[in-house]
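The values are calculated or read from the model by the stated rules, or taken from the named source; none is laboratory data. This is a predicted model, so every value here is computed, not measured. Neighbour counts are summed over all protein chains in view; Cβ atoms, including those assigned to glycine, are modelled from backbone coordinates with ideal geometry. Please note that ligands, DNA and RNA were not included when accessible areas were found on the heavy atoms of the full protein model with its side chains. Shrake-Rupley method; radii C 1.70, N 1.55, O 1.52, S 1.80 Å.
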Amino acid sequence: MTKEMILSKITGLQSNNIKFSAEANAFLGNAYTSIAGNHYFNAVRFGEGILIKEDIGHGYKYTFLNGLRVYSIKEKKLIADASFHSQVYNKDLVRNKVTSMLIDKLNEAAEQQGFSFNDNDAKRIVKQIVEQAFVVDQRVLAEQQIKRLTE
């Protein structure tokens, strides 16, 4: 199974349109230009067991974050999502929001199951996973995650 197939199956991106961007360190897909000349596309990053999909819009002056979705690679399902309006794009914002979304989901799941966990440890681990999705070469992380799926 290729990374393009995984990205397509989990996130709905068209596998023939997915390209790696070294500048963004992300897989880019589903790009189009509106009548107004704004460009819209998705950036997807692999993390340990997750995919982070960013919905991005680029106008003549600003780049905007329109939405975030976090998927489980193993279960191939959506874990968390958020939509934004007029949110100027910033990688630190994306990192912090994804971390917050995942911590919230952990808290919800723990509460539903009657479990507890060390919040500081969870935040440290989640933050590390999210950080790796931004700084480690996505081609390497993609291959590692695909290999784990097939083992």
* Asked: Once Lys and Arg get +1 and Asp and Glu get -1 on their Cβ, which of Ser83, Val44, Ala122 lies farthest toward the positive end of the dipole of region 1-147?
  -> Val44
* Structure fact -> From DSSP H assignment alone, runs of 4+ in the chain each adding -39500 (n - 2.57), the sum over residues rounded to the nearest 500 puts [θ] at 222 nm at -13500 deg cm²/dmol
* Which residue, Thr11, Thr63, Thr33, has the most motion in a Gaussian network model of the chain that connects Cα atoms within less than 10 Å? -> Thr33
* To do: Please tell me the relative contact order of the chain in percent, rounded to the nearest whole number, where contacts are Cα pairs under 8 Å and at least six residues apart.
  => 19 percent
* Asked: Seen from all sides and averaged, what is the projected area of the convex hull of the Cα atoms in the chain, in nm²?
  -> 9.7 nm²
* Can you pull out the GluC sites (Glu not before Pro) in region 24-99 that DSSP calls coil and that have at most 10 other Cβ atoms within 10 Å? -> Glu75
* Structure fact -> Of every hundred units of 1.4 Å-probe accessible area on the chain, the number belonging to carbon and sulfur atoms, as a percent, is 49 percent
* Structure fact -> Expressed as a whole-number percentage, the relative contact order of region 73-151 with C-alpha contacts under 8 angstrom and at least six residues apart is 32 percent
* For the chain, built as a Gaussian network whose Cα springs stay under 10 Å, the top-fluctuating residue of Gly29, Gly49, Gly37 -> Gly37
* DSSP H segments from the chain that extend 15 Å or more along their own axis, Cα-based, with Kyte-Doolittle mean of 1.0 or above -> none
* Asked: How much accessible surface area, in Å² rounded to 10, belongs to the heavy atoms of Met5 with a 1.4 Å probe?
  -> 100 Å²
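Within the chain, what is the longest stretch that has no chymotrypsin sites (Phe, Trp or Tyr not before Pro) placed in a DSSP loop and near at most 16 other beta-carbon atoms within 10 Å?
1-59
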